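Here's the structure we're looking at; comments come further down.
Since every read-out is calculated from the coordinates, none of them should be taken as a lab result. Being a predicted model, the structure only gives us computed values, none of them experimental. For neighbour counting, all protein chains shown are included, and Cβ atoms are generated from backbone atoms with ideal geometry for every residue, glycine included.
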Amino acid sequence: MFNILDGSIDFMIDKATGKEMIDAARKSGIFRLVDEADHKEITDEGTGMSSWFVGRYKHIQWIHQNLEITSTKGTLRSQIAYELSFRNSKLKVMISLDKGSSHLDFKVECDWQEVGCLGKGVPQLQFYMPLHDSCAMYHYDVPFGRVTRQALDIDLPGNNYIYGEGKDGSAGVMLMSKVGYGFRGADNLPLPY
């Protein structure tokens with residue numbers, strides 16, 4: 001399941017159907033550092049803020065290098081933990097899977113020390129999880145309900161989850177977060193920003 005060299009997920013099988021859920025050809029379950037274009041780079045009327053605007057991706061850096069990985073396998077829970085540093089920031093990740101569960105739990109602590117700079121862009125930490133099959137629709141939870149959207153290569157708001165539904169209506173993958181995020185449902189992947 002896990003690659004002990006870089007902390008990525010090699011495969012994720014739905015035990016009920018035997019179906020592969022992630023794209024084994026791409027690194028999955030990883031964190032990436034994305035440099036977004038800032039608002040001034042996109043329009044002439046730059047606002048100097050970026051809280052409500054996600055710019056186009058200028059550069060994407062895979063940060064899973066030189067990891068210190070530890071793993072334990074118990075009777076009821078298996079887990080893997082790693083730490084990594086990138087630029088001025090640090091990330092601690094603990095991934096656990098309880099016996100008989102279909103829920104893979106990521107506990108993440110980030111000491112974020114990155115700052116955007118007008119003209120250079122805005123840094124973003126991104127969790128990347130490409131899926132095996134393309135999705136017909138993506139379901140996002142929003143205030144007072146849920147909205148269904150087609151695949152769009154743009155970050156869209158969602159309170160706590162995105163669910164990528166298979167084209168044939170089969171089970172998909174849900175990515176959940178305890179805090180509000182936005183998600184990008186496109187190119188067979190749900191990922192938060």
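Structure data summary
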read-out: Boolean, LEU175 is closer than 19 Å to ILE13 by Cβ and touching a Pro at 6+ places or on another chain (Cβ under 6 Å); value: yes
read-out: Odd one out for ASP105 among (1) over 18 Å from LEU175 (Cβ atoms); (2) under 18 Å from the mean Cα position of the chain (by Cα); (3) in a strand (DSSP E or B); value: (1)
read-out: Given (1) on the phi > 0 side of the Ramachandran plot; (2) free of Cβ contacts under 8 Å to residues at least 40 places away in the same chain; (3) buried (at least 18 other Cβ atoms within 10 Å of the Cβ), index of the condition GLY169 fails; value: (3)
read-out: Residue within the range 86-102 that is free of Cβ contacts under 8 Å to residues at least 12 places away in the same chain and closer than 27 Å to GLY172 by Cα present; value: yes
read-out: Every residue from the range 17-27 that is assigned to a loop (DSSP other than H, G, I, E, B) and in contact (Cβ under 8 Å) with a residue 60 or more places away in the chain; value: THR17, MET21, ASP23, ALA24, ARG26, LYS27
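Let's see how each residue does on (1) surrounded by 16 or more Cβ atoms within 10 Å (Cβ to Cβ); (2) hydroxyl-bearing (Ser, Thr, Tyr):
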| site | (1), (2) |
| --- | --- |
| GLU109 | no, no |
| TYR128 | yes, yes |
| ILE154 | no, no |
| TYR161 | yes, yes |
| GLY164 | yes, no |
